[in-house]
1. What residues qualify as long-range amide H neighbours of Y14, i.e. H under 5 Å apart, gap of 5 or more or another chain, H built at 1.01 Å from N?
2. First measure r as the distance between the Cβ atoms of I27 and K47, then evaluate 1/(1 + (r/R0)^6) with R0 = 22 Å and state the FRET efficiency to the nearest 0.05.
3. Given R₀ = 35 Å, FRET efficiency for E37-K10 by Cβ-Cβ distance, to 0.05?
4. With every atom except the alpha carbons ignored, what do you get for Rg and Dmax of the range 4-70, in angstroms?
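Just so you know, all these numbers are worked out from the coordinates, no wet-lab data involved. Model, not experiment: these values are computed from the prediction. Quick reminder, even Gly has a Cβ in these numbers, built from the backbone with ideal geometry, and neighbours come from all protein chains shown.
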Amino acid sequence: MMAKQYWSAKHGGYIKCPVEGCNHVGIIITTAHCRLEHGMTQEEVRKEYGLPTNVSKLNRKQIERLKNGANK
Ligand SMILES: [Zn+2]
């Protein structure tokens, strides 16, 4: 399945992990994140939850808040 482009943000943007309750935000959602955090492959995550959400419209503070939330 060639869907890697969906798992990395466009230039200057961020994407948010689609898994319910997961607030992971970054420029890329890695296979390692899916496997370690959710025990799933990217494909399984996509089937279950859909593709990562583009959050490029969020400002830096909102993104930091999401990131901080993800670490709690
Ligand atoms: Zn996640």
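1. Amide H neighbours of Y14, under 5 Å, 5+ apart: V55, S56.
2. Taking R0 as 22 Å, the efficiency between I27 and K47 is 0.40.
3. 0.95
4. So, for the range 4-70, Rg and Dmax equal 11.1, 31 Å respectively.
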